Each structure stands twice: as structure tokens, then as C-alpha cells.
Amino acid sequence: MERDTFVLVLSCEEDDNGKGLLQQCGQIIDMMDNFMKMYAYIGIGKRHTQVSELKRAYNEADEALEYSFIDEKSKINFYREKNRQEVNSADVTRKIKELYVEIERGRVENTDRLFEELVEIQKTQNCSIHLIKNSGISIQNQCRSILDTYDKTIYEVTGIEDSISKTIYRCRFLKEYVQIMGTIVNRTAEAVHIAVNKKKSLIHDCEKFIDENYAKNILVADVAKHVGASPSYLSRVFKEVTGQTIIATLNQKKLERAKDYLENTDMKIFEIADALGFENTTYFSHFFKKYTNVSPKEYKGGRR
């Protein structure tokens, strides 16, 4: 039917109670395991009497084969009609949301724990293999989005070269699925943690440079060059972390310093303008009034 999957259609007597079939399957398993070193798993559908029921029989056998996804030791599985969770429960949905939050915060230990708890809930609630894997696809999509904000890709972070969605869907056992998803969740949180620390360091260097050079009429490009980042990236990260733009920060520094000069020194207005890197007194006065609604002269005279 597909890679590593074979379908056998067998006929048997009506009075066969399944013992003969089970015995044959056991022989196949033993032969494959012991002599061919190919570890086979068998799913067996219900007995049907019409050729038109072949598709139904196949679907039953395929579903029975999935039982070994959770229990790897279960190598021969008969189809059994059983209610299986096909929609995420409130507990699963809540746990996934908690996982997203911790990944976005870069808390590696918490993300590992929450993912383990999520899998345990899904096992306890007898979630279908498709539901479990679909949850994995949703989680890896969220990881992609989170990494995009740090200009990283999920392939770069996880080291997985093949399509991640296909890799998840191809998982034959829960152990394999947990290993792959654990890598995705762990590496994404770790990358976020590193990126956040780098952001903090970047902003610290940026603010230090501004503190030391705001009076030199520096531009965003000058700040970006000093910290080794592109102006666009630095502007975005600076606004994200501090809540204001680099230009606004520069202007705020100049304004605070201008007020200090006017309040605590005998410097002339033209001297203050020159000290703060303004081209002329007129431009300085316009700048000062824009933010205080009074001119430097009025401010110095006490009309604050």
C-alpha cells in the first residue's frame, strides 16, 4: 500500500474463531524479528463476507495497527470498536496554550515538562494517533511563528532537514513522536532564551552608546553601526523592548539635559544648543518648545 506497509486479504472458514489467524500472525512476527531483523506490527480488521467491504476491512486493520503507536510492545492488534478522542479536550487545549506561553518566554525546563504532561493527558484520554499528530503539527507551526520574530527558521534551530510535518506524520511509535516533538519544543525555547538575552545585551549596548553620545547629534544609523546591527532590526527590537523609538530616546535625553542646564547653570541658550549638538539656537528653541510648550528663555525665567 505504501512504504513499509503490506496488506493481506485472507479467507477462512466460518467456524474459525481467530485462533488460527493469531497463530499465523505470531509466526510472521517471529520470522520477521528473528530471521529478517525487520520488526513487523500487524493490525487485523473484523471479518467481512462481501468484496464490497474490503475498504472497510482495510480501514479497520489500519486503525488497529495504530494501537501499537501508544503501546510499542503490542505487535498484533485486532480492531475493536472503542470511543477514541477525535477532538482536543479542554485539558489538552489549555495545556497546549500553556506550552506556547513558556516557549515564547524561552523557559526550556517548563516547556519540556508541559509537553510531557500534554502527552500523558492525550494518552489518558485515549486520543487517536491522528489527533496527537495534528496537535504536534499545530505546535511546530507555532514554533515557526515564534522563531520568525527572531529571524530564525525551525530547520536552523532543530537541525531537521526533511519536511517537519512529514517527519511528524511518519512517526510509527509514540516514543519516536515524543523524541521529534521534544527536539522541536526544546530547541525553539532554547533559541528564544538565547535570542532574548542577546536582545537585552543589544539594548544595553545601545542605551549606553546613546547616554554617552546623545549630545553629538547622532542618528539611528550611528547607533546601529556601533552595536553591529542593521538600523531596521535595531529600531524594531529597541521599540519592542523599551516601548519607544531610538529617536524618541535621543530627544528625551537631550530634553532632560537641556532642562538641567537651564535650571542649574548660567550657560547661555546658544551655549546649551551647541553643547547638545543643535545646529543653531533657533532649531534648539523650536525643539524645546515642541516638548515643553515654552521657550528655553521662558523656562529659564521660571515659567515652567
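Which value in deg cm²/dmol, rounded to the nearest 500, describes the helix-derived mean residue ellipticity at 222 nm for the chain, given -39,500 (n - 2.57) per DSSP H run of n ≥ 4 and division by the residue count? Mind dumping the intermediate values first?
Values: 15 runs with 199 residues, N = 304.
Calculated from helices alone, the mean residue ellipticity at 222 nm is -21000 deg cm²/dmol.
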Checklist entry - Cα-Cα pairs above 19 Å in segment 233-297: how many percent? => result 35
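With an 8 Å cut-off on Cα pairs and a minimum separation of 6 or more residues, tell me the relative contact order of segment 90-195 in percent. Each step should come with its number before you reach the end.
Numbers: 94 pairs, mean separation 45.5, N = 106.
It comes to 43 percent, rounded to a whole number.
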Checklist entry - Shape call for segment 90-195 from the C-alpha gyration tensor, a ≥ b ≥ c root eigenvalues: rounded (a/c under 1.5), prolate (a/b greater than b/c) or oblate? => result oblate
Checklist entry - Does the chain come out rounded, prolate or oblate, given a ≥ b ≥ c as the square roots of the eigenvalues of its C-alpha gyration tensor, rounded meaning a/c under 1.5 and, failing that, prolate meaning a/b above b/c? => result prolate
Next on the checklist: Quick check for me: using +1 on Lys/Arg Cβ and -1 on Asp/Glu Cβ, what's the dipole size of the chain about its Cα centre, in debye to the nearest 20?
Outcome noted: 1420
Checklist entry - If the limit is 29 Å between Cα atoms, which of Lys55/Lys95; Lys19/Lys133; Lys75/Lys166; Lys46/Lys73 go over it? => result Lys55/Lys95; Lys19/Lys133
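Can you compute the FRET efficiency between Met36 and Gln179 using 1/(1 + (r/R0)^6), with r the Cβ-Cβ distance and R0 = 41 Å? Round to the nearest 0.05.
In this case the efficiency is close to 0.95.
Among Cys12, Cys171, rank each residue by its count of other Cβ atoms within 10 Å, from fewest to most, as a rough exposure measure. Spell out each step's value before the answer.
On the way: Cys12 12, Cys171 19.
Listing Cys12, Cys171 from fewest to most nearby Cβ atoms yields Cys12, Cys171.
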Checklist outcome for this item: Straight-line reach check, Lys297, cutoff 17 Å on alpha carbons, 8 or more apart in-chain or any other chain, hits among lysines -> Lys254, Lys259, Lys268, Lys289
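Which order do Lys198, Lys75 fall in if you start with the one that has the fewest other Cβ atoms within 10 Å?
Values: Lys198 12, Lys75 17.
By the 10 Å Cβ count, ascending, the order reads Lys198, Lys75.
Sort Thr49, Thr265 so the one with the fewest other Cβ atoms within 10 Å of its own Cβ comes first. Walk me through the intermediate numbers first.
Values: Thr49 7, Thr265 12.
Placing the least packed residue first, the sequence is Thr49, Thr265.
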Checklist entry - What is the ratio of the Cα radius of gyration of segment 1-78 to 2.2 N^0.38 Å, where N is its residue count, to two decimals? => result 1.12
Checklist outcome for this item: Rounded to the nearest 10 degrees, the helix 281-292 long axis (Cα) sits at an angle to the longest Cα principal axis of the chain of 60
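Values quoted throughout were computed directly from the atomic coordinates according to the rules given, and no laboratory measurement underlies them. Bear in mind that the values here come from a model prediction, so they are computed numbers and not experimental data. Methodologically, a virtual Cβ is constructed for each residue, glycine included, from the backbone with ideal geometry; neighbour enumeration extends over all protein chains shown.
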